[in-house]
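The structure appears below as structure tokens.
The values are calculated or read from the model by the stated rules, or taken from the named source; none is laboratory data. Please read these numbers as outputs of a predicted model, since none were measured by experiment. In this analysis, Cβ positions are derived from the backbone assuming ideal geometry, glycine residues included, and neighbour counts consider all displayed protein chains. We work out accessible area using only protein heavy atoms, side chains counted, and drop any ligands, DNA or RNA first. Shrake-Rupley method; radii C 1.70, N 1.55, O 1.52, S 1.80 Å.
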Amino acid sequence: LYKQLIKVTITDWKSISLNHPEYILFSFFLVFFNWGIELIKWLLTLDFINIKTNGSKLHSFMAFMAGILTGLLTPSMLGNFIGRIYYYERKDRPNIILGTFLTNYSQFFASIFFGILSIIILKETPWGFELNNLRFFLIGIAIFLLFFYFYFERIKVKKLNRKISYTNFIKLLTNQKSFRLKNLIYSLIRHFIFTLQFWLIFNAFENALNLDTFLWIWQIFLWTTLLPSIWFGKLIIRESMALLVLGSIGFGQLEILSTSILLWCMNLAFPSFLSLFICKQKQLK
């Protein structure tokens, strides 16, 4: 990212033209659908682990918003459970953590699935790999990850099986088999939505209203998901990957950077800022 940015002058930034501002407005509108689906997944998790909040949806919503904030400050948004458990009693926290990890995994799988689908359809990656044998390998990875998601409890790990909280969680999964499927479906829909957001913002600057660009964006999220990050929801990592992927097919660097940064501001910075005002401190006995 640094190597690309040092080549850019102030004149270059001024030369960016916003051709379709309405696309940015529509993308911002989709923020509420994006996080609305994640909220549905959170409410499904609470219902799955049978946690009652005295009928208060506001309580659940505040916990959800706190999760967005703590997720932003941890690698790959994995710390969203930290903000959530703060609003619940200690006895409920193990199930909340495990349930949140499971929903996070379903979102991880969605990124992998659509990314692999993009590679298979486009028959191309930014690195120009030969895909004759790679396709079967990628399909194998997707099948393995999907199998693990639905049947991970069959893998016997002594240390885990001795944990009462883990065994109780597995019992809940056994009794409510539809929970994982519902979460996966919502995760796939959510992934499609934030891909659409990226695509719309990018087309506000560029003329790329085609399916191929949409598929390349899936690869941005695939490679970003696989790379480690420190915090801020993979800020810098995603921008670098966007430059690599979309730059490899001839799009402008500044348009790519502007799109990625705007999407980060919409989907992460804006909700996190709101959470500072929505979340209230709650002391637990």
Legend entry - Residue under evaluation Lys3, criteria (1) modelled with pLDDT under 90; (2) within 15 Å of the chain's Cα centre (by Cα), criterion not met: (2)
Inset, instruction - State the number of residues belonging to region 155-188 that are touching a residue at least 60 places away in the same chain (Cβ under 8 Å), open to solvent by 80 Å² or more (accessible area, probe 1.4 Å) and of a type in the set (A, V, I, L, M). - result: 0
Legend entry - Number of positions in region 117-129 that are within 16 Å of His191 (Cβ to Cβ) and free of Cβ contacts under 8 Å to residues at least 12 places away in the same chain: 0
Inset, instruction - Would you mind finding the one in Phe26, Phe114 that is touching a residue at least 60 places away in the same chain (Cβ under 8 Å), open to solvent by 50 Å² or more (accessible area, probe 1.4 Å) and in a helix (DSSP H, G or I)? - result: Phe26
Legend entry - Any chance Ile37 is within 18 Å of the chain's Cα centre (by Cα), surrounded by 12 or more Cβ atoms within 10 Å (Cβ to Cβ), at pLDDT below 90 and assigned to a helix (DSSP H, G or I): no
Inset, instruction - Please find, within region 6-23, the residue that is modelled with the highest pLDDT out of those that are assigned to a helix (DSSP H, G or I) and open to solvent by 70 Å² or more (accessible area, probe 1.4 Å). - result: Glu22
Inset, instruction - Consider only pairs whose beta carbons are under 6 Å apart and that are at least six residues apart or on different chains; among these, list those whose first residue lies in region 203-220 and is without any contact (Cβ under 8 Å) to a residue 24 or more places away in the chain and whose second residue is in a loop (DSSP other than H, G, I, E, B) and open to solvent by 10 Å² or more (accessible area, probe 1.4 Å). - result: none
